[in-house]
Amino acid sequence: MINIAKIREDFPILNRKVNGKPLIYFDNAATSQTPQRVIDEIVNYYSNYNANIHRGVHTLSQEATDLYEAARLKIQKHFNAKHSYEVILTSGTTHGINLVANGFSTLLHKGDEVLVSALEHHSNIVPWQMLCERTGATLKVIPMNEHGELIMSTYEELLSEQTKLVFVNHISNALGTINPIKQMIDMAHKVGAAILIDGAQSCPHIKPDVQELDVDFYVTSAHKMCGPTGVGMLYGKEEWLNKLPPYQGGGEMIDQVTFAKTTYAGLPHKFEAGTPNICGGIAFGAAVDYMNAIGFDAIASYEHKLLNYATKQLLKIDGLKIYGTAKEKTSVISFNIEGIHPYDIGTILDKMGIAVRTGHHCAQPIMDFFKIPGTVRASFAFYNTKEEIDALVKGVETAKMMLS
Ligand SMILES: *Cc1c(COP(=O)(O)O)cnc(C)c1O
């Protein structure tokens with residue numbers, strides 16, 4: 001059970017006012033808010049431990065290294081990776097995807113096929129297009145239906161011996177659709193393809209088990225799950241990470257360097273060139289602890305209630321259409337009101353202290369599918385309330401009156 005009053009006390013930002021009104025933060029799919037415990041960890045790091053890691057003999061450097069590596073272990077445990085060295089700390093989802101895409105440059109050839117879903121964020125489209133341009137491989141798209149669900153029968157038809165890679169998000173940031181990734185992973189493996197799951201949008205809501213999923217790569221960003229920006233995780237199966245060449249060269253990722261030849265460090269350091277976001281990594285660990293203390297079952301069931309309530313209330317507004325009506329979805333509602341531009345609704349809501357996102361949500365192909373320029377997106381987290389949803393509904397009604 002969620003103790004909402006107590007949870008809200010953990011988030012100092014929820015006390016602030018925006019345009020003279022109490023902040024109502026419904027842009028959680030873009031970035032989540034940060035609990036005091038994670039903020040404290042950041043302050044503590046810079047107040048007491050700031051040093052470069054892995055290289056120093058001095059106490060500070062060793063303590064910072066211990067904290068950073070302890071965070072890696074927390075993240076490993078959270079996602080149930082078999083080995084801690086399969087957890088690569090990145091700057092975020094985008095970095096993780098680019099790292100894998102770049103690595104596959106040497107493994108793909110003309111005639112190979114790469115499948116990507118119609119529901120993707122630009123960061124899970126563009127790197128693969130670039131990869132296909134470099135290698136001559138062909139990009140094919142797994143289509144979706146009117147509800148924003150992937151069409152599994154077409155996915156099955158698209159899979160063949162030519163398929164080398166599949167990329168799909170666990171949950172769509174634009175529509176909230178939860179994709180049947182376990183099934184998709186098993187189907188990819190049947191034809192011998194590797195599969196990468198973009199988990200940026202799932203990790204705030206559910207706790208993925210990478211071994212049970214048997215997934216080859218799983219990427220996420222800390223800032224979508226109560227951690228800081230600029231840090232994230234790439235999980236990769238050991239065998240795959242060993243097959244991929246390093247992404248960036250630099251310090252930390254080497255074994256021996258001479259001008260004749262350089263040999264690379266083992267995992268995970270091979271993929272962690274340069275000084276990482278040390279504080280961010282440690283705070284990511286704190287965010288994982290924080291969310292687990294609340295519990296993902298409690299989070300999911302509470303957010304589901306918010307989703308159902310908000311859907312019901314919003315649909316009472318005449319002319320309001322919700323995009324993304326998949327059976328399995330998380331607490332994201334994308335909508336428009338007939339004849340009104342989403343941007344105008346967002347601007348009026350902001351005057352009322354309500355933060356929503358408007359636009360294409362880095363997923364232009366989805367907007368093209370629905371033949372719209374964008375939507376208003378309200379995305380809820382476990383620290384939101386029913387009362388805030390009532391305020392949103394009232395706000396949208398007011399905006400509609402002002403604009404029509
Ligand atoms: C936010 C998001 C990304 C990008 O994450 P960054 O932290 O900006 O790298 C990618 N995919 C999905 C589904 C997202 O929601």
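The values are calculated or read from the model by the stated rules, or taken from the named source; none is laboratory data. Nothing here was measured: the structure is a model prediction, and the numbers come from that model. Positions of Cβ are backbone-derived with ideal geometry, glycine not excepted, and every protein chain shown enters the neighbour counts. What goes into the accessible areas is simple: the full protein's heavy atoms, side chains included, and nothing from ligands, DNA or RNA. Shrake-Rupley method; radii C 1.70, N 1.55, O 1.52, S 1.80 Å.
For region 238-246, the count of residues that are open to solvent by less than 10 Å² (accessible area, probe 1.4 Å) and in a loop (DSSP other than H, G, I, E, B) is nonzero. Annotation note: of Ala200, Ala174, the sole residue that is within 13 Å of the ligand (Cβ to nearest atom), assigned to a loop (DSSP other than H, G, I, E, B) and either of a type in the set (Ser, Thr, Tyr) or closer than 18 Å to Val100 by Cβ (or both) is Ala200. When each of Lys110, Lys182, Lys164 is tested for being more than 16 Å from the ligand (Cβ to nearest atom), in a strand (DSSP E or B) and either in contact with a Gly (Cβ under 8 Å, 6 or more places away or on another chain) or among the basic types (Lys, Arg) (or both), the lone residue that passes is Lys164. Annotation: Met253 fulfils all but one of (1) open to solvent by less than 40 Å² (accessible area, probe 1.4 Å); (2) more than 30 Å from Thr31 (Cβ to Cβ); the unmet one is (2).
Here Leu307 does not fit the description of being assigned by TED's automatic domain parsing to the domain that holds Ile389, open to solvent by less than 50 Å² (accessible area, probe 1.4 Å), of a type in the set (A, V, I, L, M, F, W, C) and over 23 Å from Ile171 (Cα atoms).
Here Lys207, Lys270 are screened, and the one residue that is open to solvent by 10 Å² or more (accessible area, probe 1.4 Å), part of a helix (DSSP H, G or I) and in contact with a helix residue (DSSP H, G or I) (Cβ under 9 Å, 6 or more places away or on another chain) is Lys270. Is there a residue in region 114-126 that is away from the ligand (no atom under 16 Å from the Cβ), of a type in the set (Val, Ile, Thr) and open to solvent by less than 50 Å² (accessible area, probe 1.4 Å)? Scanning region 114-126, I find at least one residue that is away from the ligand (no atom under 16 Å from the Cβ), of a type in the set (Val, Ile, Thr) and open to solvent by less than 50 Å² (accessible area, probe 1.4 Å), so the answer is yes.
Set side by side, the residues Glu212, Glu149, Glu238 differ, and just one is touching a residue at least 60 places away in the same chain (Cβ under 8 Å), within 18 Å of Lys327 (Cβ to Cβ) and acidic (Asp, Glu), which is Glu149. Screening Lys316 with (1) open to solvent by 10 Å² or more (accessible area, probe 1.4 Å); (2) in the same structural domain as Gly192 (by TED's automatic domain parsing) gives one miss only, at (2).
Return only the number of the condition from (1) within 16 Å of the ligand (Cβ to nearest atom); (2) at pLDDT below 95; (3) hydrophobic (A, V, I, L, M, F, W, C); (4) surrounded by 20 or more Cβ atoms within 10 Å (Cβ to Cβ) that Leu89 does not satisfy. Checking Leu89 against (1) within 16 Å of the ligand (Cβ to nearest atom); (2) at pLDDT below 95; (3) hydrophobic (A, V, I, L, M, F, W, C); (4) surrounded by 20 or more Cβ atoms within 10 Å (Cβ to Cβ), the one that fails is (2).
Being in a helix (DSSP H, G or I) and either of a type in the set (A, V, I, L, M, F, W, C) or within 16 Å of Ala30 (Cβ to Cβ) (or both) is the filter here; which residues of region 375-404 pass it? Steps first, answer last, please.
Taking region 375-404 as the starting set, the residues that turn out to be in a helix (DSSP H, G or I) are 386-403.
Across region 375-404, the qualifying residues are Ile389, Ala391, Leu392, Val393, Val396, Ala399, Met401, Met402, Leu403.
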